[in-house]
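Participant: This is the structure I have questions about; it appears just below.
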Amino acid sequence: MRKIQIGIMGSAADLKYSDETLKFAKNLGELIAKSGNILVYGAEKEYSSLSTEAAKAASKNGGITVGIAGGKDKSIYGKFRPTILINSGLEIGGGREFNLVLSCDVIIAISGGSGTLTEMAIAYQANIPIITIDKFGGWASKMSNNYFDERKRLKCISASTEEEALEKAIKEGVKKYENTKC
């Protein structure tokens, strides 16, 4: 069976997330690696993020990570390098998010500011399932168990633990993949 491409979307370091939120992201990255699926994230140029920390943990546990970077050069923040780095040629907040989200079978949102909200909205428009972590605030908590609009096409699926988030992501990712015409 094809590996599920699980996107991790979440707060950048400038939003000053808690140590508990950081630990959650790292644990989730480790679980994704151990599940044999692929972690997709936005490879930042200026600072770390919950997504980057999840990718680092996945990599340390033998997982495949795909970083979608803005711009044309291969420079990203810090010393960590994903298994695969894809340059979108587009800037953050100016299109990179489309490439990032459309590369995923499902996304998991942890906390998050305006960038995470943008990524969630793109997933909604593209009918990509959205798992939201309901306990760390940000847009993920605000959208848990809610729809983006009155069309009610896709409800954000709430999760509280790393295990629950991964289980729901795999279930929804498999369902999304099986319903895709190849």
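Participant: How long is the gain from Ala126 to Thr180 if the chain were fully straight, where each residue apart is worth 0.36 nm and the alpha carbon distance is subtracted?
Facilitator: Additional length available on full extension: 18.2 nm.
Participant: Roughly how many debye, to the nearest 20, is the charge dipole of region 1-116 about its Cα centre, given +1 on each Lys and Arg Cβ, -1 on each Asp and Glu Cβ, and no other charges?
Facilitator: Result for region 1-116 is approximately 440 debye, rounded to the nearest 20.
Participant: Hey, another quick one. Rounded to the nearest Å, what's the spacing between the alpha carbon centres of region 140-157 and region 17-44? Just the number, please.
Facilitator: Using only Cα atoms to place each centre, the spacing works out to 22 Å.
Participant: Separation between the Met1 and Lys72 pseudo-spin-labels, each 7 Å from Cα along Cα→Cβ, expressed in nm?
Facilitator: So the label points at Met1 and Lys72 sit 4.2 nm apart.
Participant: Output wanted: per-residue J couplings in Hz (rounded whole) for region 148-164, from phi through Karplus 6.51 cos²θ - 1.76 cosθ + 1.60, θ = phi - 60°, x for Gly and Pro.
Facilitator: Taking θ as phi minus 60°, the curve returns 6, 8, 5, 5, 6, 6, 8, 8, 5, 9, 7, 9, 10, 10, 4, 5, 5 Hz for region 148-164.
Participant: Moving on to the next point. Multiplying the sequence separation of Ser160 and Glu46 by 0.36 nm and subtracting their Cα-Cα distance, what value in nm do you get?
Facilitator: Values: separation 114, 0.36 × 114 = 41.04 nm, distance 2.92 nm.
Gain on stretching Ser160 to Glu46: 38.1 nm.
Participant: Of Leu85, Ala169, Ile108, which is farthest towards the positive pole of region 63-182's charge dipole, taken about the Cα centre with +1 and -1 on the beta-carbons of Lys, Arg and Asp, Glu respectively?
Facilitator: Going by the Cα projections, it comes out as Leu85.
Participant: Name the trypsin sites (Lys or Arg not before Pro) in region 142-172 that are in a loop by DSSP and that have at most 12 other C-beta atoms within 10 Å, would you?
Facilitator: Within region 142-172, the qualifying trypsin sites (Lys or Arg not before Pro) (loop, at most 12 other Cβ atoms within 10 Å) are Arg151, Lys152, Arg153.
Participant: Which of Met1, Met143, Met9 comes first, and how do the rest follow, when ranked by fewest Cβ neighbours within 10 Å?
Facilitator: Numbers: Met1 7, Met143 23, Met9 34.
Placing the least packed residue first, the sequence is Met1, Met143, Met9.
Participant: I need Arg81, Arg96 ordered by Cβ neighbour count within 10 Å, fewest first.
Facilitator: Going from least to most buried by this count: Arg81, Arg96.
Participant: Taking only C-alpha pairs under 8 Å that are 6+ residues apart, what is the relative contact order of the chain in percent?
Facilitator: For the chain, the relative contact order is 21 percent.
Participant: Now a separate question. Can you list residues from other chains, or at least 5 along the same chain, whose modelled amide H is less than 5 Å from the amide H of Gly42?
Facilitator: Ile68
Participant: A further question on this structure: Under the Kirkwood approximation for Rh and a Cα-based Rg, what ratio Rg/Rh is obtained for region 1-49?
Facilitator: Details: Rg = 12.0 Å, Rh = 11.9 Å.
Here the Rg-to-Rh quotient is 1.01.
Coordinate-derived values only; no laboratory data. Computed from a predicted model, the values in this text were never measured in an experiment. We place every Cβ from the backbone using ideal geometry, glycine too, and count neighbours over all the protein chains shown.
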